[in-house]
Ligand SMILES: C[S@@+](CC[C@H](N)C(=O)[O-])C[C@H]1O[C@@H](n2cnc3c(N)ncnc32)[C@H](O)[C@@H]1O
């Protein structure tokens with residue numbers, strides 16, 4: 001990596017926009033559990049062992065590992081816009097022998113999954129980075145099963161973080177109904193139903 005490109009990565013790490021995969025290691029620090037732990041997220045998602053789950057923007061898979069492990073009879077689809085992030089996540093999950101997963105490269109617009117495909121769709125510190133937020137939320141509505149849950153978590157320190165009210169507006173505009181909120185405005189998970 002040249003000096004200029006490493007300066008570029010550092011700049012992208014601290015400013016708004018897509019999180020650089022070169023800094024993915026910072027997303028695997030266990031200290032993150034103070035803000036949101038994978039076990040806490042699993043409870044908030046109201047997961048069942050046979051749930052079909054879509055995680056958008058998994059990065060290197062900090063939450064994916066425990067979520068996929070919980071889904072003994074279900075499946076987790078990891079969908080990221082950076083192939084490098086998917087590769088990192090897959091390496092991490094493969095190492096733990098996790099096989100109930102699928103890896104999907106997003107194009108930033110529509111998803112190639114049928115209507116009513118998933119019981120849960122979730123994102124952690126992702127929505128602020130998504131360029132076509134309205135399109136994505138409409139896609140989530142289309143892909144979520146009628147009794148499913150869309151879950152959005154936002155954490156302190158993320159330069160792209162959105163306020164819970166902004167997420168409520170986005171989701172309501174797409175047809176979702178507010179269901180539950182956990183945490184506080186600094187670190188929260190907000191859930192919606194169809
Ligand atoms: C800050 S990281 C969070 C990763 C992971 N959710 C976590 O909390 O450890 C944001 C992730 O969202 C992905 N991302 C950004 N825009 C996206 C988009 N439009 N579609 C899918 N993934 C996207 C990035 O590539 C990155 O992996």
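The values are calculated or read from the model by the stated rules, or taken from the named source; none is laboratory data. Source: prediction; values computed, not measured. No Cβ is skipped: glycine too gets one built from the backbone with ideal geometry, and neighbour counts run over all protein chains shown.
Would you confirm, using the coordinates I've provided, whether residue 193 is away from the ligand (no atom under 16 Å from the Cβ) and either in contact with a strand residue (DSSP E or B) (Cβ under 8 Å, 6 or more places away or on another chain) or over 22 Å from residue 26 (Cα atoms) (or both)? Yes.
Scan the stretch 11-51 for residues that are surrounded by 19 or more Cβ atoms within 10 Å (Cβ to Cβ) and away from the ligand (no atom under 12 Å from the Cβ) and the total you get is 4. Elements of the type helices (runs of 4 or more DSSP H) sitting completely within the stretch 1-102 and holding at least 3 residues that are modelled with pLDDT of 95 or more: these cover 38-44, 64-70, 83-95. Taking the residues in the stretch 101-133 that are farther than 22 Å from residue 61 by Cβ and within 12 Å of the ligand (Cβ to nearest atom) as candidates, determine which candidate is surrounded by the most Cβ atoms within 10 Å (Cβ to Cβ). Top of the filtered list is 133.
Residue-level check: of (1) surrounded by 19 or more Cβ atoms within 10 Å (Cβ to Cβ); (2) out of contact with any helix residue (DSSP H, G or I) (no Cβ under 6 Å at 6 or more places or on another chain); (3) in contact (Cβ under 8 Å) with a residue 40 or more places away in the chain, residue 154 misses just (3). Among the residues making up the stretch 124-137, those that are in contact with a helix residue (DSSP H, G or I) (Cβ under 9 Å, 6 or more places away or on another chain) and closer than 19 Å to residue 77 by Cα are 124, 125, 127, 130, 136, 137.
Does residue 97 qualify as being over 21 Å from residue 45 (Cα atoms) and more than 14 Å from the ligand (Cβ to nearest atom)?
Working: over 21 Å from residue 45 (Cα atoms): yes; more than 14 Å from the ligand (Cβ to nearest atom): yes.
Against the criterion (over 21 Å from residue 45 (Cα atoms) and more than 14 Å from the ligand (Cβ to nearest atom)), residue 97 qualifies.
The residue of the stretch 63-87 that is farthest from residue 190 (Cα to Cα), among those that are free of Cβ contacts under 8 Å to residues at least 60 places away in the same chain, out of contact with any strand residue (DSSP E or B) (no Cβ under 8 Å at 6 or more places or on another chain) and within 13 Å of the ligand (Cβ to nearest atom), is 87. Within the stretch 36-46, is even one residue more than 23 Å from residue 144 (Cα to Cα) and under 15 Å from the mean Cα position of the chain (by Cα)? Yes.
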